[in-house]
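Everything below concerns the one structure shown next.
The values are calculated or read from the model by the stated rules, or taken from the named source; none is laboratory data. If you're wondering where the values come from, they're calculated on a predicted model, not measured in any experiment.
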Amino acid sequence: MNRERMYQVLLAPHVSEKTAIAGDENNQYAFKVARDATKAEIKSAVETIFDVVVTDLQVLNVKGKVKGAARGRPRKRPDWRKAYVRLQEGDEIDLAGIG
């Protein structure tokens with residue numbers, strides 16, 4: 001996979017209270033990924049960009065919320081995809097400088 005595709009696959013780190021707890025307890029990180037990305041592409045992109053070893057990978061589709069909007073017409077936020085990546089013991093990703 002070429003370098004341009006890697007950056008198209010990994011869109012951004014997903015930082016929330018839940019992912020912070022998972023990172024501390026299980027050495028696991030969450031990323032917002034492209035909707036057409038496969039597990040193999042995600043694993044390859046994380047390993048190459050961050051120079052770590054991925055031991056486990058879970059991918060899930062997140063449904064967009066329906067929110068109320070002006071003049072009573074509901075709007076739907078877009079669906080997106082999230083990947084939970086577990087790293088080998090001793091490896092870590094510094095998310096402070098990313099995003």
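Values for this structure:
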| item | result |
| --- | --- |
| Verdict on TYR29 being assigned to a helix (DSSP H, G or I) and hydroxyl-bearing (Ser, Thr, Tyr) | no |
| Residue satisfying all of: in region 32-50; among the hydroxyl-bearing types (Ser, Thr, Tyr) and part of a helix (DSSP H, G or I); farthest from ALA96 (Cα to Cα) among these | SER44 |
| Residue that is nearest to the chain's Cα centre (by Cα) [pool: residues in region 1-42 that are of a type in the set (Ser, Thr, Tyr) and either closer than 16 Å to GLN58 by Cα or at pLDDT 95 or above (or both)] | TYR29 |
